[in-house]
Amino acid sequence: MTDAEKQLFDRELNLGAEFLDRFKKLSDNGANEKKAQEVMGFCQQAQQHLEKAIEINPFDKNARALLAITYSNLQHMFGLEKNYEKAIEILERLTRIEKGEHELFRLLGENYLAVKDYEKALLNIQKRKWLC
C-alpha cells in the first residue's frame with residue numbers, strides 16, 4: 001500500500017468507527033429500537049466509510065470486524081422496518097465476511113420467506129444445517 005492509500009484507509013476506517021460509535025451510543029448499543037431507528041443514518045455512514053476502507057485494504061481484520069457489526073445493526077433495523085429486501089442485501093454481504101456464521105443463514109432464510117422467495121429460503125436454511 002502506498003502512503004496515500006494508507007492515509008485514505010486510516011481516514012475511512014476512523015470515520016466508519018466514529019459513526020458506528022455514535023450509532024451505538026445514541027441507540028443504547030442497539031437496545032433502544034426506537035432510538036436506533038432515529039440514528040440509523042450514523043450506521044449507514046459507517047457502512048459507506050468502512051466499505052471504502054476495505055476496498056483499499058481488504059485484509060484489515062479490524063475494518064472487516066467493524067463492517068460486520070455495522071451490517072448486523074443494519075439488517076436488524078431493516079428487519080424492524082419490514083424492509084426485507086434491504087435486510088437480504090445486507091445479510092448477503094455479511095455472509096461473505098462472516099463465512100461460517102450459521103445464524104446468518106437462518107436470518108437470510110426468514111427474510112427470503114417474508115418476500116416469498118421459497119427456493120432461496122430453503123437453500124439458506126439448508127446451508128445453516130450444513131454449518132451446524
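A short reminder: the numbers here are calculations on the coordinates, not readings from a lab. Keep in mind that what you see is a predicted model, and the values were worked out from it rather than measured. We place every Cβ from the backbone using ideal geometry, glycine too, and count neighbours over all the protein chains shown.
From Cα pairs below 8 angstrom and at least 6 apart in sequence, can you work out the relative contact order of segment 3-83, rounded to a whole percent?
It rounds to 33 percent for segment 3-83.
Counting only helical runs of four or more DSSP H residues, what would the 222 nm mean residue ellipticity of the chain come to if each run contributes -39,500 (n - 2.57) and the total is spread over all its residues?
-27000 deg cm²/dmol
So how tilted is helix 3-26 from the main axis of the chain? Cα-based, degrees 0 to 90, rounded to 10.
60 degrees
Taking Cα centroids, how far is segment 98-126 from segment 61-75 in Å?
Cα centres, segment 98-126 to segment 61-75: 19 Å.
So, R0 is 30 Å and r is the distance between the beta-carbons of residue 118 and residue 96; what FRET efficiency does that work out to, to 0.05?
The computed FRET efficiency comes out at 0.85.
Using only the alpha-carbon atoms, how far is helix 102-114 inclined from the longest principal axis of the chain? Give it as 0 to 90 degrees, nearest 10.
That works out to roughly 60 degrees.
Using each residue's phi in segment 118-124, evaluate 6.51 cos²θ - 1.76 cosθ + 1.60 at θ = phi - 60° and report the 3J(HN,Hα) Karplus result to the nearest Hz, with x for Gly and Pro.
5, 5, 5, 4, 5, 4, 6
Strictly over 30 Å apart at the Cα level, which of 86/127; 24/52; 82/120; 24/86; 6/35 would you flag in this model?
Among 86/127; 24/52; 82/120; 24/86; 6/35, the Cα-Cα distance tops 30 Å for 6/35.
Can you tell me the dipole magnitude for the chain around its Cα centre, using point charges on the Cβ only (Lys, Arg +1; Asp, Glu -1), in Debye to the nearest 20?
380 debye
Report the one residue of 74, 54, 14 whose Cα lies farthest in the direction of the positive end of the charge dipole of segment 3-83 (charges on C-beta: Lys and Arg +1, Asp and Glu -1; origin at the Cα centre).
Of 74, 54, 14, it is 74.
Please sort 105-114, 77-86, 16-25 by packing, taking for each peptide the average over its residues of neighbouring beta carbons within 10 angstrom, highest first.
The peptides rank, most packed first, as 105-114, 16-25, 77-86.
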